[in-house]
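Read through the structure below, which is laid out as structure tokens, and then see the notes.
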Amino acid sequence: TPSMEKTITGTRYVLPSKQTVHYYGLPVEDSAIDRGPLSKFNGQALTLQREATIEGQLWYRVKDLGWVK
């Protein structure tokens with residue numbers, strides 16, 4: 001929920017060890033909102049917009065993509 005989100009700024013790149021991690025439409029792991037692996041964005045700068053802790057897990061909102069743990 002928006003009340004659980006905190007605005008942040010930053011740029012990150014996908015590490016080789018994180019290329020198989022998936023990103024989602026909402027901050028929850030669910031195959032219905034799975035948008036695919038981060039390997040699609042290898043070498044690209046990704047802009048962080050928000051973070052939220054959901055059930056003890058930290059999620060980041062990446063601009064124009066979705067949420068990733």
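The values are calculated or read from the model by the stated rules, or taken from the named source; none is laboratory data. What you see is a predicted model; the values in this text were computed from it and never measured. Methodologically, a virtual Cβ is constructed for each residue, glycine included, from the backbone with ideal geometry; neighbour enumeration extends over all protein chains shown.
Is it the case, given these coordinates, that LEU38 is free of Cβ contacts under 8 Å to residues at least 60 places away in the same chain, farther than 19 Å from PRO2 by Cβ and aliphatic (A, V, I, L, M)? Yes: the conditions hold for LEU38. Contact map, region 1-17: first residue without any contact (Cβ under 8 Å) to a residue 40 or more places away in the chain, second residue outside any strand (DSSP E or B) and not aliphatic (A, V, I, L, M), Cβ cut-off under 6 Å, separation 6 or more or different chains; pairs are VAL14/PHE41; VAL14/ASN42. Quick one: count up the residues across region 49-59 that are within 14 Å of GLU29 (Cβ to Cβ) and not small (Gly, Ala, Ser). Residues flagged as within 14 Å of GLU29 (Cβ to Cβ) and not small (Gly, Ala, Ser) within region 49-59 amount to 5. Looking at LYS63, is it at pLDDT below 95 and touching a Leu at 6+ places or on another chain (Cβ under 8 Å)? Answer is no for this residue. Checking every residue in region 7-29 against the condition of being more than 12 Å from the chain's Cα centre (by Cα), of a type in the set (D, E, K, R) and surrounded by 13 or more Cβ atoms within 10 Å (Cβ to Cβ) gives zero matches. If only residues of region 30-69 that are part of a loop (DSSP other than H, G, I, E, B) and surrounded by 14 or more Cβ atoms within 10 Å (Cβ to Cβ) are counted, the one that is nearest to the chain's Cα centre (by Cα) is LYS69.
So which residues in region 41-59 are touching a residue at least 40 places away in the same chain (Cβ under 8 Å) and not basic (Lys, Arg)? The answer is LEU48, GLN49, GLU51, ALA52, THR53, ILE54. Residues in region 1-29 that are assigned to a strand (DSSP E or B) and more than 11 Å from TRP67 (Cβ to Cβ): LYS6, THR7, ILE8, THR9, GLY10, THR11, ARG12. In region 39-57, the residue that is modelled with the lowest pLDDT out of those that are out of contact with any helix residue (DSSP H, G or I) (no Cβ under 6 Å at 6 or more places or on another chain) and of a type in the set (A, V, I, L, M) is ILE54.
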